[in-house]
Amino acid sequence: MTNNIPISSGNMVGPISDGQRLRTENCSYLAIDTEGSGGHQPELLELGAFAFDSAGQERAEYHWYFRPVAKISYHAWRVHGLSAEKLRAEPLFADLASDVLAVVSDRRIVAHNAPVDVGILKRHLPGWGPLETIDTLSLARKTLPGLSSYGLRSVASALKIPDIDAGDTHNARDDARLCMKVFLALQEIAPAQMSFL
């Protein structure tokens, strides 16, 4: 039996089984993207994630917004457009930490410039660590040498993946989905480089 777990403000999480978690053997990958408050140790404001299996089948989608405690820097706001006013009705991260932990545990985490996204989650989830971290930025640099930019959208464009979000600001949900598609495309064109997965 599967259950849907409601998350913040009308967002929905995909079907979860086996005690609020998809079984690792069926869905071992989780593509994530985060948006933070800026600064040296940013506070998590948004988390988007897509669970998928080794065949590239999307299994579940997750998305949360979090109300900040500290101030959001101007630079961060320019990147993602999230303000304290916009997030004032959202829950604090602490209120949903157990839900987030259930989603990210026992997964291979896929992210573009993964140390940033994994780092912010580690600070918010003490004691947690990914089963494995896969950085699509590093993979793209190895697989697609000579690009003028290795930003997520530039890599997606080089791989002929349609951009999901035409907006000017970053969005964790769309960026996580695009990261998943970039990873799967890189896996398809350079399977030898993915043999460790």
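The values are calculated or read from the model by the stated rules, or taken from the named source; none is laboratory data. Please read all numbers here as calculations on a predicted model, not as lab measurements. Using ideal geometry, Cβ is built from the backbone for each residue, glycine included, and neighbour counts are taken over all protein chains shown. Note: areas computed on protein heavy atoms with side chains; ligands, DNA, RNA excluded. Shrake-Rupley method; radii C 1.70, N 1.55, O 1.52, S 1.80 Å.
Structure notes:
- Three-way shape label, region 50-89, alpha-carbon gyration tensor, a/c 1.5: prolate
- Label-point separation, D95 to S149 (7 Å along Cα→Cβ), nm: 3.6 nm
- In this view, the solvent-accessible surface of S37, computed with a 1.4 Å probe and all protein chains in place, comes to about 10 Å².
- Per-residue Karplus couplings for region 33-48, computed as 6.51 cos²θ - 1.76 cosθ + 1.60 with θ equal to phi - 60°, are listed in order as 8, 10, 10, x, 7, x, x, 5, 10, x, 7, 6, 10, 8, 9, x Hz, Gly and Pro entered as x.
- Estimated distance in nm for a label pair at Q41 and S138, the labels positioned 7 Å out from Cα along Cα-to-Cβ: 2.4 nm
- Within the full protein context, the accessible area of W77 is estimated at about 110 Å² for a probe radius of 1.4 Å.
- Computed Kirkwood radius, in angstrom, where 1/r is averaged over Cα pairs of region 24-76: 12.5 Å
- Projecting label points 7 angstrom from Cα along Cα→Cβ for I161 and V69 puts them 3.4 nm apart.
- Between K122 and V79, residue separation times 0.36 nm minus the direct Cα-Cα distance comes to 13.3 nm.
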